[in-house]
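The values are calculated or read from the model by the stated rules, or taken from the named source; none is laboratory data. Computed from a prediction, not measured in an experiment: that's the story for all the values here. Virtual Cβ from ideal backbone geometry, glycine too; neighbours counted across all protein chains shown. SASA here: full protein model, heavy atoms, side chains in, ligands and nucleic acids out. Shrake-Rupley method; radii C 1.70, N 1.55, O 1.52, S 1.80 Å.
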Amino acid sequence: MNVTGSELLLYAGTMFVLFLTPGPVWVALAARALSGGFRAAWPLALGVVIGDALWPLLAILGVSWVVSAYGEILVVLRYVASLVFLAMGVLLIRHAGAAISTDSRLTRPGVWPGFLAGLLAIIGNPKAILFYMGVLPGFFDLSRVGAPDIAAIVAISMAVPFAGNLVFALFVDRARRTLTSPTALKRTNRIAGGLLILVGLVIPFT
């Protein structure tokens, strides 16, 4: 493997911070778990994880091709990744108290509808690949990644949010109280925003 353990660890930590940012999937998981228990929530998490594998894979292959043709663009992409996290952190802090909304299609009952809802939610978001294209060059030198490196990056992209979503579903009663508390929501967003800014500041020096 060409990517280092520290690079993978930093990426995994960042994925965990992104998972901590409350969003529509959180609310959908909470709603499904409250209505049908963990059995109703895990299919949605499984559907989401498919996209969590697809988008980073496509981004790596696309960016790797660009870098192979224009090697000097790698430095530019690293600073783009830094700016992405800085902007995300600042926006999250500025709108820390904003209410979370969700798509009602994500809360349809049933195992199969839950899986399809999670899959469509992530596949139907083309902005995800743009996000990964802007972020991944900040963590890894995509000009030298091989199959084992790609497998490790994609595995982390899948495992961290999937594990987080499953744990969230298991503790949904407590999580739901947190989601409905404006003070707790604001505090969570501010912490996550600050951590994203920290990641953005660290990337140029890694």
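Taking each residue as 0.36 nm, the span from Phe38 to Leu58 lengthens on full extension beyond its C-alpha to C-alpha distance by 4.1 nm.
At an R0 of 25 angstrom, the distance between the Cβ atoms of Leu198 and Ala147 translates into a FRET efficiency of 0.20.
Across segment 41-56, computed HN-Hα scalar couplings (Karplus, 6.51 cos²θ - 1.76 cosθ + 1.60, θ = phi - 60°) run 8, 5, x, 5, 4, 5, x, 5, 5, 4, x, 5, 8, 5, 5, x Hz from first to last residue, x flagging Gly and Pro.
Counting only protein chain heavy atoms and rolling a 1.4 Å probe, the accessible areas of Trp26, Trp42 rank, largest first, as Trp42, Trp26.
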